[in-house]
Every structure is written in C-alpha cells, then in structure tokens.
Ligand SMILES: [Zn+2]
Ligand SMILES: [Zn+2]
C-alpha cells in the first residue's frame, strides 16, 4: 500500500504531516522543532518552539522571551500523534541537534548543520542509523578537507606569537554564535581574550545556560590599547571597518571559517589572513556519515545540493537535491553564508 512519505519538503520547510510539525521552518508555523540557534534555522514568528536547552537560551536571547519555547533533552523520545521524535547531538555549535523521526518501521534523520570532529566544547556528534538521511551539504566538494583542530589551533597561535613579536594587535574574525565560543575554549588561558559586544553577549547567554567557558574580557574604553595588543580579540567580520578596530595598535585580522580553505590554496592573503576551522562536516566526513548511517535514500539540502546528489548517484545511492526554491532565501553565496554564520 502506498504511504505518504514521513517527511516532505514544503514552501515553509521540512514537514511531518502526520504530526503536524516542521523542522527548522523558514516561514512562521504552528509547531517547529529547531536544530540550533543560527538565524537561517531559527526564525521568529512560530507559535511553539521545541529545542534543546542551550538552543532555547539562544532563541530567547535572539528572538525574545515572549515566545513559547519548550526544551527537550538529547536522546529522549517524544511522541506526537504516534510519530516518535528525538534530538541527537550534531556537534555543530553548543546545543545543536539532529532530529530523528520514526514512525512504524521507517526512520528519518534531519542533520541540521553538523560536524563529526569532536571540538571539546559541543556535545559530540552522534551517528544515528536511518533509512532516509536529510543532510546539509555546505562544504560538499572534495576541495573541502579540514585539518584536525589541533593543527589549526597551532597555526593560529604561531600567527599570534608572530604578531606579539612585531608589536601588532591580533584580531580573529569569527561568527558570534558558535565559532567564537569554540575559539574562546581553545585559546590557552594565559592569553587574554577580548570580546566585541555581540561575542560577549552570546558567550554570556551560553555561560548562564550552563556552558563552561574560560574568562573573557569585554572590550571597553577602560582597557588600554597596550593591554588589548597583548591578547587576542574576537569580533564578527562585520566590525572590521569600524573605527575601534583601526584605533588599536597595528591591528591585523584573520577570518576563522571553512571558506578560508580557498584563500589558503590560492595563497590570497593580501587583504586578510585566514584559518580554515569549520563547524560543518568536510567532504570526507560527509561521505563517511552517508555510508555509516545505512540510509537507502539521501536528501541533500543547504549548499552544494545538485553536485553532491549527483555524486551520490554515481556511487549507487538513491539521492535527491532538495530544491533551493523551498528555502526562504535563495541566495546561498559564500559571503551570505558567512554572514549567516554558516561556516
Ligand atoms: Zn548553523
Ligand atoms: Zn545552516
């Protein structure tokens, strides 16, 4: 007997009609399960939100506390109209979840954004076996292969050391939610970390929600330029042309993002140094997940959907690119993604 698919891709987003629930919808809906707090996954205007505890703290901060936001722990099943939902760690940013959806003998997993490398801060990614995998494909090209985190950290610290020797101020450009906290956690405690406003606020929200993070020092006029020069300053890239940056002692900047892979390859570091530290799966890890989860069908969203689904077909998988038209924002250029924190 033909049965309607458990999940479908609608103009409002990924939908489970049997439970009347959306996952990361990009238009306002009645009930939304949210994988994580980045703005392209969690918009304002839903009636009810369901997410993990850290994501809820982020949403209350970002969207306002008047929203009905309920929390649900990782790994605990929740039945909605006979459909069993559960959150599983996605390893993308603190609190980020994959959503497992099970009905009778059919299991779907929606990854949201994810990365498989443990970063010592996020809950470690969990491989969830399924029949249908809905995976992101932000970096689904063979050129994107990440170096292990300790290697990138070593490069960042070497660069900082060189800047110290030359009397320069070190600024890392990083998205306020996710990448900044990862860096705060990685930078050795003897190096002071100075934080721009939105980085400090986001970090503070996560600390209050229970995330253990070392001390940071909010930038303020009470600090001397010499103090700031001795440490590492974290700021979103959008601040780079603001006067406070130029007022520092010989400021030098580096973007921390998976997109920096291409900069490194081209040695195009004239304007901006970069470190390819990403919160997403790289090419190799993505293919490993596809193999290991055992899915018979792969739905590719969010990135190189066409190219990656074609590649999977050559390997013999049943694969489909989820049309970008289903998404609210059609333009997924690297620049926009960085602005949205998709790095
Ligand atoms: Zn994200
Ligand atoms: Zn995303």
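The values are calculated or read from the model by the stated rules, or taken from the named source; none is laboratory data. Worth saying up front: this structure is predicted, and the values here are computed from it rather than measured. As a convention, Cβ positions derive from the backbone with ideal geometry for all residues, glycine included, and neighbour counts pool all protein chains shown.
Give just the number: which of (1) surrounded by fewer than 19 Cβ atoms within 10 Å (Cβ to Cβ); (2) part of a loop (DSSP other than H, G, I, E, B); (3) within 14 Å of ligand 1 (Cβ to nearest atom) does residue 62 not satisfy?
(2)
Here are 91, 154: which of them is within 16 Å of ligand 2 (Cβ to nearest atom) and either part of a loop (DSSP other than H, G, I, E, B) or closer than 25 Å to residue 184 by Cα (or both)?
After ruling out the rest, the residue left standing is 91.
Go through (1) touching a helix residue (DSSP H, G or I) at 6+ places or on another chain (Cβ under 8 Å); (2) farther than 20 Å from residue 187 by Cβ; (3) modelled with pLDDT under 95 for residue 273 and report which single condition fails.
All conditions pass for residue 273, except number (2).
So residue 112 clears everything in (1) touching a strand residue (DSSP E or B) at 6+ places or on another chain (Cβ under 9 Å); (2) within 15 Å of ligand 2 (Cβ to nearest atom); (3) over 25 Å from residue 79 (Cβ atoms) except one condition, right? Which one?
For residue 112, the failing item is (3).
Among the residues of the range 65-98, count how many are within 16 Å of ligand 1 (Cβ to nearest atom) and either more than 21 Å from the chain's Cα centre (by Cα) or assigned by TED's automatic domain parsing to the domain that holds residue 184 (or both).
Total meeting the criteria: 0.
Does residue 140 fit the bill of being touching a helix residue (DSSP H, G or I) at 6+ places or on another chain (Cβ under 7 Å) and within 15 Å of ligand 2 (Cβ to nearest atom)?
The answer is yes for residue 140.
What do you reckon, is residue 329 touching a helix residue (DSSP H, G or I) at 6+ places or on another chain (Cβ under 9 Å), part of a helix (DSSP H, G or I), at pLDDT below 95 and within 16 Å of ligand 2 (Cβ to nearest atom)?
So residue 329 does not fit the description; no.
Yes or no, residue by residue, for (1) out of contact with any helix residue (DSSP H, G or I) (no Cβ under 9 Å at 6 or more places or on another chain); (2) assigned to a strand (DSSP E or B); (3) within 15 Å of ligand 2 (Cβ to nearest atom):
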site	(1), (2), (3)
14	no, yes, yes
19	yes, no, no
27	yes, no, no
37	no, no, yes
69	no, yes, no
98	yes, yes, yes
101	yes, yes, no
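Within the set of pairs 6+ apart or on separate chains, which have a first residue in the range 161-189 that is under 21 Å from residue 260 (Cα atoms), a second that is within 16 Å of ligand 1 (Cβ to nearest atom) and part of a strand (DSSP E or B), and C-beta atoms under 8 Å apart?
From the range 161-189, the pairs are 172/256; 173/256; 174/256; 179/256; 183/256.
Against the condition out of contact with any strand residue (DSSP E or B) (no Cβ under 8 Å at 6 or more places or on another chain), more than 16 Å from ligand 1 (Cβ to nearest atom) and part of a loop (DSSP other than H, G, I, E, B), how does residue 161 come out, does it pass?
For residue 161, the condition - out of contact with any strand residue (DSSP E or B) (no Cβ under 8 Å at 6 or more places or on another chain), more than 16 Å from ligand 1 (Cβ to nearest atom) and part of a loop (DSSP other than H, G, I, E, B) - is not met.
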